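Right, one structure below, let's go through it.
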């Protein structure tokens, strides 16, 4: 793969650049670019909610019974064992929706959509995607998927932590023919997948955006779950004094709705709740045979990079849009091409090291810090990876490469944890 974007094609017609950029556009072919995208407004319609309150709880295995998970509030995750699971700045992050459970709180089947709103940053509205649609769902069962990867980023920053909203919406009352067609297209695009990281360049994104827009525009639907988990870095929590903030850590988390019978009684949350992993129901610890009418979404947060990084998909979309422009400027082409090549180069260097942690791949990682073809952001990302492996907080790429020449190249990789040792 080239170290930097070639510039001698800049004056050619944009269509001719498709051939020279084929090595960098493999992602578009694999991901299935979604093309033009509608822009639904998540605040465009209000839908009534069936459950008046939701809480974010983390799950801890019952040491006496592997089939049970104790559910605890975020502020209870303060033990040394919990701190060992903390996701640190610079760590990769992936979020998996394990399952969605709907209790027996009404008669008859219903049609259900799972929406994911991604908050892209300050000043920008959330991007809404429908990531699952299922017809004829009866109470007392889970939706028909298992462990769907929905979010992944290569490096977490506490300055801009991942923010998303999960919504489970009953769309049984929806009778609009266009909406039904959008749901069917979503089923065809996403059904059966184990990974759907929503992004305009992702396969199925157009159908997911379109379906979400229809759901959010209708007042006939009923919300079952609507919750925005927000996590905090350990350092922030420690400096916030006494607080109830949930730490950003690996493990299983549940967004749980209070059962309808407890609608006016917040003391419901004083119970010690338990999730039975075999039946999928939530019960009180002192009444394990009595199912509570609690819907939930179960998440797993992992410190791994489980998908193509969002930055690569962003650059893919930008380059595709530029090449689709009938009269792009040479400057736009050069910039889009350079960013795409840079992100793919950094992605490849990182992935090769993760798949084979050797002194050779570590040397390639440090050598890439001198690659002037990489953008400043990609070099900074690789420098953070190098800092973590070396156990040395490098402040500049020059510091890192000097350390490698004088010290790092003469060490070894520890097989047990893949870190550098002298």
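Where a number appears in this text, it was derived from the coordinates with a stated rule and is not lab data. Note that this is a predicted model, so its numbers are computed, not measured. Please note: Cβ atoms are built from the backbone with ideal geometry, for glycine as well, and neighbour counts cover all protein chains shown.
Observations on the model:
- Listed peptides 164-174, 80-90 appear in the order 164-174, 80-90 once ranked by packing, highest mean of other Cβ atoms within 10 Å at the front.
- Label-zone membership for the stretch 72-102, site residue 414, 7 angstrom Cα→C-beta point, backbone N under 18 Å: 84-86, 88
- Computed FRET value (nearest 0.05) for residue 421 with residue 265, which takes r as the C-beta separation and R₀ as 60 Å: 0.60
- Summarising the label geometry, the points placed 7 Å from Cα in the beta-carbon direction at residue 354 and residue 138 lie 4.1 nm from one another.
- Sites residue 395 and residue 240 - FRET efficiency at Förster radius 22 Å, r taken between beta-carbons, to 0.05: 0.20
- Residue 287 paired with residue 157, simple spin-label distance in nm, labels 7 Å along Cα-to-beta-carbon: 4.9
- Debye log10 I(q)/I(0) at q = 0.08, 0.13 Å⁻¹ for the stretch 54-302, Cα point scatterers: -0.32, -0.85
- Taking label positions 7 Å along the Cα-Cβ direction at both residue 66 and residue 219, the computed distance is 5.3 nm, reported to one decimal.
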